[in-house]
Amino acid sequence: EKAPDDWEGETGFINAAMLRRHLPEQFKRFHYFVCGPGAMMDAMEATLIDIGVADEHVHTERFDMV
């Protein structure tokens, strides 16, 4: 969210447009492993499927703090 002033790369949340800009043409063949805060994982799962990644290529590890 808050990049240093000298940062020249992407900023903001990862979304479909950002993935399309950076993933190679054959991105649908890859497997994606997602781990992180629940809301981010929900968003990434939905975004990957929205851009055409098969559900079985999206792997997640969900856990809660105890």
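The values are calculated or read from the model by the stated rules, or taken from the named source; none is laboratory data. Since the structure is predicted, the reported quantities are computational estimates derived from the model, not experimental observations. Ideal geometry is used to build each Cβ from the backbone, glycine not excepted, and the neighbour counts take in all protein chains shown. For accessibility, only protein heavy atoms count, side chains too; no ligands or nucleic acids. Shrake-Rupley method; radii C 1.70, N 1.55, O 1.52, S 1.80 Å.
Among (1) open to solvent by less than 100 Å² (accessible area, probe 1.4 Å); (2) outside any loop (DSSP other than H, G, I, E, B); (3) free of Cβ contacts under 8 Å to residues at least 24 places away in the same chain, where does E56 come up short?
(1)
Condition first: open to solvent by 80 Å² or more (accessible area, probe 1.4 Å) and outside any loop (DSSP other than H, G, I, E, B). Now tell me which residues in region 1-38 satisfy that.
R20, R21, H22, K28, R29, F33
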